[in-house]
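Here the structure is laid out as structure tokens; the discussion comes afterwards.
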Amino acid sequence: MEEKGNRIKTGLLYGEKRIDLKLPDSVVLLEMKDHEALPDPNAAVQAALEKPLESPPLRDIARGRKNACVVISDITRPVPNRVILPPLLETLQKSGIRKDDITILIANGMHRPNAGDELESMVGREIMEHFRIVNHYCRKPEEYRKIDVIDGAPIEINKHYLDADLKILTGLIEPHFYAGYSGGRKSILPGISSFETMKFMHSYKMIDHPKVTNCVLDGNPFHEYGLRVAKLARVDFIVNVVINRERRIAGVFSGHYQHAHLAGCDTVYEHSAVPIDERMDLVITSGGGYPLDATFYQISKALICAKNILKKGGTIVVACECREGLGSPEFCGIIRSVCTPKEFIDGYCDPSNFVIDQWCAQNIYQVLDYAGEVYVYSPGLSDDDVKNMGAIKIEDVQKTVDRLIGKSARVAVVPEGPYVVGMIK
């Protein structure tokens, strides 16, 4: 951010670029605190494997194991797999596990599979060509097995993971609007869980729980069920990272699936949670840039973060590229068939009417019901789709913001979108 006179200049993350904005210096700027990137991330990952938290070194755990399953996040998360995976895979091989006995499992949850150029961008050509990489399919019964029942719902987990002799989770720790924080146990539930399990974990009732929200773990059922399932499914080791605003690795947390994860969560809270005194009349935010803003489905995260610091009836402006449009066919069907928050509640609060991806639609309609107006800048969305959901499509962010700021006493701008969480004191 640069300051000039009584104006400040900042940029909203948008696709792979930024949208520059000039704003009065009276706005409240919510940014990720400076978090210095590690000077040698490769060495940091190697050191974390050798000196993990509350765990023996990975080489000792791997010794004598017949095979291994390494779980990675899908394309929707900017996880630096190209840095994490090489030393991890090398350690497994040096410990006696053959390359052919290592499976990399992509935790797609209910997202689409990753392959081809997309997969190469995630893991690099060398790993893509020389290791077995499997996408998780939540709708293929032959892919999973039941290990628990929670509130009558079957907890079904991918067999590639359950049958592995050595089980490793990798991922990124950041604020998460359901789990409190991503990473750790979330790679299993919902990452490699079945559709029936997802119906429970993403039910209308679960998403409506007041403690299913950003940066909250105590009393959060989404988090607590995740820990319960991780214990049952077994996790031998995790390698999670924290990134800074330039998306460079700022911390590596490896070892015990709960203790190492909590250490990473503490770091994320320190750098990504920003306390503010009171709620805002206007919140200007972003979808978080690519890959998070590839679809409007994921923009629910930015909207929920904005709602949590907004006065009832306040205004939100969100910039999101949405190069892939609204999202999945199911999500499109919800958005295009529902016109009001009440219609959504009437249609989807009944568990028997559960539809894939309804949870993000639920969050979007929660925001639309709470806010007075929601303005969306997104060339990737049609005018009809934005209008149908009850939002307002705009063509120029700066002009819209200039007009709205004059009518708003308290204004916040969140350039990184859901990567930064405002916390009301």
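The values are calculated or read from the model by the stated rules, or taken from the named source; none is laboratory data. Nothing here was measured: the structure is a model prediction, and the numbers come from that model. All Cβ positions, glycine included, derive from the backbone under ideal geometry; neighbour counts span all protein chains shown.
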(message) On the basis of being farther than 25 Å from PRO80 by Cα and of a type in the set (Gly, Ala, Ser), does SER286 make the cut?
(response) no
(message) I need a count of the residues in region 374-425 that are under 25 Å from the mean Cα position of the chain (by Cα), farther than 18 Å from LEU292 by Cβ and of a type in the set (Asp, Glu).
(response) 1
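Residue-by-condition table, conditions (1) farther than 20 Å from VAL212 by Cβ; (2) in contact with an Asp or Glu (Cβ under 7 Å, 6 or more places away or on another chain):
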site	(1), (2)
THR267	yes, no
ALA273	no, no
ILE276	yes, no
ASP281	yes, no
THR285	yes, no
GLY288	no, yes
LEU292	no, no
GLN298	no, no
LYS301	no, no
(message) Looking at ARG65, ARG112, ARG77, can you tell me which residue is more than 30 Å from ARG403 (Cβ to Cβ), at pLDDT below 95 and crowded, with 17+ Cβ neighbours inside 10 Å?
(response) ARG77
(request) Can you tell me which residue within region 23-52, out of those that are closer than 30 Å to ALA164 by Cα and part of a loop (DSSP other than H, G, I, E, B), is nearest to the chain's Cα centre (by Cα)? (result) PRO52
(request) Within region 282-291, identify whether any single residue is over 17 Å from LEU368 (Cβ atoms), within 19 Å of the chain's Cα centre (by Cα), surrounded by fewer than 24 Cβ atoms within 10 Å (Cβ to Cβ) and in the same structural domain as GLU321 (by TED's automatic domain parsing), and answer yes or no. (result) yes
(request) Could you give me the residue pairs with C-beta distances under 6 Å whose first residue belongs to region 53-67 and is in a loop (DSSP other than H, G, I, E, B), whose second residue is surrounded by 15 or more Cβ atoms within 10 Å (Cβ to Cβ) and hydroxyl-bearing (Ser, Thr, Tyr) wherever it lies, and which are 6+ apart or on separate chains? (result) ARG63/SER95
(request) Could you please let me know if SER286 is under 24 Å from GLU16 (Cα atoms), in contact with a strand residue (DSSP E or B) (Cβ under 8 Å, 6 or more places away or on another chain) and at pLDDT 95 or above? (result) yes
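Report the residue count in region 146-164 for those that are in contact with a strand residue (DSSP E or B) (Cβ under 7 Å, 6 or more places away or on another chain) and either closer than 25 Å to ARG63 by Cα or of a type in the set (A, V, I, L, M) (or both).
Taking region 146-164 as the starting set, the residues that turn out to be in contact with a strand residue (DSSP E or B) (Cβ under 7 Å, 6 or more places away or on another chain) are 146-149, 154-162, 164.
After this cut, where a residue has to be either closer than 25 Å to ARG63 by Cα or of a type in the set (A, V, I, L, M) (or both) as well, the list is 147, 149, 155, 157-162, 164.
Summing the residues that are in contact with a strand residue (DSSP E or B) (Cβ under 7 Å, 6 or more places away or on another chain) and either closer than 25 Å to ARG63 by Cα or of a type in the set (A, V, I, L, M) (or both) in region 146-164 gives 10.
If we scan region 39-46, do we find a residue that is surrounded by fewer than 16 Cβ atoms within 10 Å (Cβ to Cβ), polar (S, T, N, Q) and under 30 Å from LEU262 (Cα atoms)?
Looking through region 39-46, at least one residue is surrounded by fewer than 16 Cβ atoms within 10 Å (Cβ to Cβ), polar (S, T, N, Q) and under 30 Å from LEU262 (Cα atoms).
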(request) Identify, by number, the condition in (1) in contact with a strand residue (DSSP E or B) (Cβ under 8 Å, 6 or more places away or on another chain); (2) under 19 Å from ASP357 (Cβ atoms); (3) at pLDDT 95 or above that LYS199 doesn't meet. (result) (3)
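Which is at pLDDT below 95 and either of a type in the set (Asp, Glu) or surrounded by fewer than 20 Cβ atoms within 10 Å (Cβ to Cβ) (or both), of GLU90, GLU54, GLU36?
GLU36
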(message) When you scan region 152-164, do you find a residue that is aliphatic (A, V, I, L, M) and in contact with a Pro (Cβ under 9 Å, 6 or more places away or on another chain), even just one?
(response) no
(request) With the checklist (1) under 27 Å from HIS111 (Cα atoms); (2) within 17 Å of the chain's Cα centre (by Cα); (3) part of a helix (DSSP H, G or I) in hand, flag the one item THR267 doesn't pass. (result) (1)
(request) Among what's in region 149-205 and is free of Cβ contacts under 8 Å to residues at least 60 places away in the same chain and part of a helix (DSSP H, G or I), pick the residue that is surrounded by the fewest Cβ atoms within 10 Å (Cβ to Cβ). (result) LYS159
(message) Looking at VAL235, VAL212, VAL239, can you tell me which residue is of a type in the set (A, V, I, L, M), part of a loop (DSSP other than H, G, I, E, B) and closer than 30 Å to PRO41 by Cα?
(response) VAL235
(request) Only residues that are in a loop (DSSP other than H, G, I, E, B), crowded, with 20+ Cβ neighbours inside 10 Å and either among the β-branched types (Val, Ile, Thr) or on the phi > 0 side of the Ramachandran plot (or both): list them for region 321-360, please. (result) CYS322, GLY327, VAL338, ASP357
